[in-house]
Amino acid sequence: QVQLVESGGGLVQAGGSLRLSCAASTLTFSHYAMGWFRQAPGKEREFVAAISWNGDETNYADSVKGRFTISRDNAKKTVYLQMNSLKPEDTANYYCVADLKGPGRSSRTYGHWGQGTQVTVSS
């Protein structure tokens with residue numbers, strides 16, 4: 001069983017930065033592709049970024065490409081999402097995801113989800 005715990009969310013002004021972290025509780029973390037999704041109130045959940053088990057492959061939503069960077073540290077069993085140049089439209093609850101498949105863009109790819117961390121960007 002994989003447990004994912006996100007941290008690092010908060011309130012930031014537009015143009016600012018935040019770094020989200022997701023700590024995993026499985027000994028086989030290095031076998032899993034990891035990713036981030038987000039969901040804003042009244043909107044559908046959307047893909048943000050994903051990374052392969054060894055970090056060699058990454059995928060980004062067009063809306064965050066060039067501003068967000070996903071990375072991982074297999075020794076620490078942690079995946080990160082560095083978010084720069086934040087915009088009010090980035091406001092959402094951000095979820096960490098994991099699966100042995102991936103790094104896909106579909107939420108159906110991922111069988112393990114964290115509880116989420118809220119990111120709010122003020123204008």
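Coordinate-derived values only; no laboratory data. As the structure is a computational prediction, the values presented were derived from the model and not from experiment. Counting neighbours? That spans all protein chains shown, and the Cβs are built from the backbone with ideal geometry, glycine included.
Most tightly packed first, judged by the mean number of other beta-carbon atoms within 10 Å of their residues, the peptides 28-37, 75-84, 114-123 read 28-37, 75-84, 114-123. Here K77 is the anchor, and the lysines within straight C-alpha reach of less than 21 Å, apart from those fewer than 8 places off in the same chain, are K101.
When every Cα-Cα distance of the chain is counted in 5 angstrom steps from zero, the calculated P(r) takes the values 2, 13, 24, 27, 19, 10, 4, 1, 0 percent.
Within the set of other residues whose C-beta is less than 11 Å from the C-beta of Y32, count the net charge using Lys and Arg as +1 and Asp and Glu as -1.
Details: positive: R72, K77, K101; negative: D99.
Net charge in that neighbourhood comes out at +2.
When only the Cβ of Lys, Arg, Asp and Glu is charged (+1, +1, -1, -1), the dipole of the chain relative to its Cα centre reaches about 40 debye.
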